[in-house]
1. Sort out which residues of segment 92-111 are crowded, with 21+ Cβ neighbours inside 10 Å and within 16 Å of ligand 1 (Cβ to nearest atom), and write them in order of number.
2. Out of curiosity, is residue 138 buried (at least 19 other Cβ atoms within 10 Å of the Cβ) and in contact with a helix residue (DSSP H, G or I) (Cβ under 8 Å, 6 or more places away or on another chain)?
3. Return the total of residues in segment 38-92 being part of a helix (DSSP H, G or I), among the β-branched types (Val, Ile, Thr) and more than 17 Å from the chain's Cα centre (by Cα).
4. Identify all residues within segment 70-91 that are touching a residue at least 24 places away in the same chain (Cβ under 8 Å) and within 16 Å of ligand 3 (Cβ to nearest atom); write none if there are none.
5. So, restricting to strands (runs of 3 or more DSSP E) that lie completely within segment 142-195, which ones have at least 2 residues that are farther than 17 Å from residue 45 by Cα?
6. Any residue at all in segment 143-160 that is loosely packed, with under 15 Cβ neighbours inside 10 Å, within 23 Å of residue 64 (Cβ to Cβ) and more than 16 Å from ligand 1 (Cβ to nearest atom)?
7. Which condition number does residue 199 fail, the rest of (1) free of Cβ contacts under 8 Å to residues at least 12 places away in the same chain; (2) of a type outside the set (Phe, Trp, Tyr); (3) within 16 Å of residue 42 (Cβ to Cβ) being met?
8. Tell me, yes or no, whether segment 109-120 has at least one residue that is within 16 Å of ligand 2 (Cβ to nearest atom), at pLDDT 95 or above and under 25 Å from residue 59 (Cα atoms).
Amino acid sequence: MHGDHREAGLTLIELAIVLVVLGIILGMTLPLLSELTRHRHYRSAQKELEEIKEALIGYAAIHFRLPNADANGDGVQDTGQVTGTIPFVDLGLGAVDPWRNAYQYDVNQRLTNTNNLQALCSALASIGATGATELPQVAFSAGGPSSPQAAVVISMGENSRLDEENADKDRVYEARTPTATFDDITVAIAPNALYTRLSCSP
Ligand SMILES: [Ca+2]
Ligand SMILES: [Ca+2]
Ligand SMILES: [Ca+2]
């Protein structure tokens, strides 16, 4: 009888130890799991951004222009809009990034008005020539020099908002390594890259 009590006591101590160990393991595992989820979402967003770029290039090859931005969230481009979200219906793509936010989109206005390949090619060539005055632009380092782009697409990242240089609505954006206060993922289609992809010739 006495022995039974001692066994029960030991079992409780063991149980307590098991619970403490489980707690420690959970405490170590949960942050790791959320870090893995964050990493997976980040990778998915990068992959989707590349798909959006390809869809935009495909759109340009078919329509001889880039689509306008979507200003009202229905996924269909709106005439005259150069900033907004991607026209995901027109591009045949999903509506949102891994954090369930729309992808932001900014397009050079002159590339939305062309209606034949030659006109699109000359517009692309002249963007490179006129340089600094053309918008949108992207800097590829924090505070670095920016260059004009045919189009820019941004995932707002885990914090679900545009950050720092991307938030000031001046149509100049940054594509750079994330920090604690900047988690946007920015991709750009350079005018000369689109020029090459469309097999433009001088
Ligand atoms: Ca729309
Ligand atoms: Ca962000
Ligand atoms: Ca800016």
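1. If the condition is that a residue be crowded, with 21+ Cβ neighbours inside 10 Å and within 16 Å of ligand 1 (Cβ to nearest atom), then 103, 104, 105, 106, 107 are the ones that fit.
2. no
3. 2
4. 82, 83, listed by residue number.
5. The strands (runs of 3 or more DSSP E) meeting that bar are 146-148, 172-174.
6. No, there is no match, as no residue in segment 143-160 is loosely packed, with under 15 Cβ neighbours inside 10 Å, within 23 Å of residue 64 (Cβ to Cβ) and more than 16 Å from ligand 1 (Cβ to nearest atom).
7. (3)
8. no
The values are calculated or read from the model by the stated rules, or taken from the named source; none is laboratory data. Just so it is clear, the model here is predicted, and its values are computed rather than measured. Cβ atoms come from the backbone with ideal geometry, glycine included; neighbour counts cover every protein chain shown.
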